[in-house]
Amino acid sequence: MSTNKPYDLAMIYAISDNNKEFFEQLISVFADTISKDNELLKETAAKGDWREVGQLAHKMKSSTAHFQVDAVKDTILQLEHYQNSNPAELNAHVQELDRVINDVLLNLKAEFSEIFNQ
């Protein structure tokens, strides 16, 4: 298994218990949900509603944890605890989250193209 993927599917394989259809459903639902949440988070950040950004980041935390997207742990934590942070810092965290999420989605779509081309 390649070590340069921005995720680790060990937990997803365990949850799906060798059920290919369920595994594919987990991948598909994650990709759809995380993509929508990421877009909403970016829109909310553009409006400067950091409280809502924090809530959206919190919502994304469990999904990214299940897919072991470790690169966003600290970024999500920073967005969840936005108080006393300046908007420039917060916007940098939003950009970093967006970059990693897009990298995850690109890699998932390349690795599991059969799921996304249905």
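Readers should treat all values here as calculations from the given coordinates under stated rules, not as data from a laboratory. All of these numbers come straight from a predicted model, not from anything done at the bench. Here the Cβ positions follow ideal geometry from the backbone for every residue, glycine too, while neighbour counts run over all protein chains shown.
Taking a point 7 Å from the Cα of D98 along the Cα-to-Cβ direction, the residues of segment 21-47 with backbone N closer than 13 Å to it are 38-47.
Find the relative contact order for the chain and round it to a whole percent, using C-alpha pairs within less than 8 Å whose residues are 6+ positions apart.
Numbers: 99 pairs, mean separation 39.5, N = 118.
RCO, the chain: 34 percent.
In sequence order, segment 95-112 has phi-based couplings of 5, 5, 4, 4, 4, 5, 4, 5, 5, 4, 5, 4, 5, 4, 5, 6, 6, 10 Hz under the Karplus curve 6.51 cos²θ - 1.76 cosθ + 1.60, θ = phi - 60°, and Gly or Pro positions carry x.
The phi-based Karplus calculation (6.51 cos²θ - 1.76 cosθ + 1.60; θ = phi - 60°) puts the 3J(HN,Hα) values of segment 75-80 at 4, 5, 4, 4, 6, 5 Hz, whole numbers, x for Gly and Pro. Counting only aspartates and glutamates at least 8 places from K73 when in the same chain, those with an alpha carbon closer than 12 Å to its own are E96. Across segment 51-64, rounded Karplus estimates of 3J(HN,Hα) from the backbone phi angles (6.51 cos²θ - 1.76 cosθ + 1.60, θ = phi - 60°) give 4, 5, 4, x, 5, 5, 4, 4, 4, 6, 4, 5, 5, 5 Hz, Gly and Pro being marked x.
About the Cα centre of the chain, what is the dipole size in debye to 20, counting +1 per Lys and Arg Cβ and -1 per Asp and Glu Cβ, all else neutral? Walk me through the numbers before you get to the answer.
Values: 11 positive and 19 negative charges, 28 e Å.
Computed charge dipole of the chain: roughly 140 debye.
Taking every Cα-Cα distance in the chain and sorting them into 10 Å bins from zero, the calculated P(r) comes out as 13, 45, 28, 12, 1 percent.
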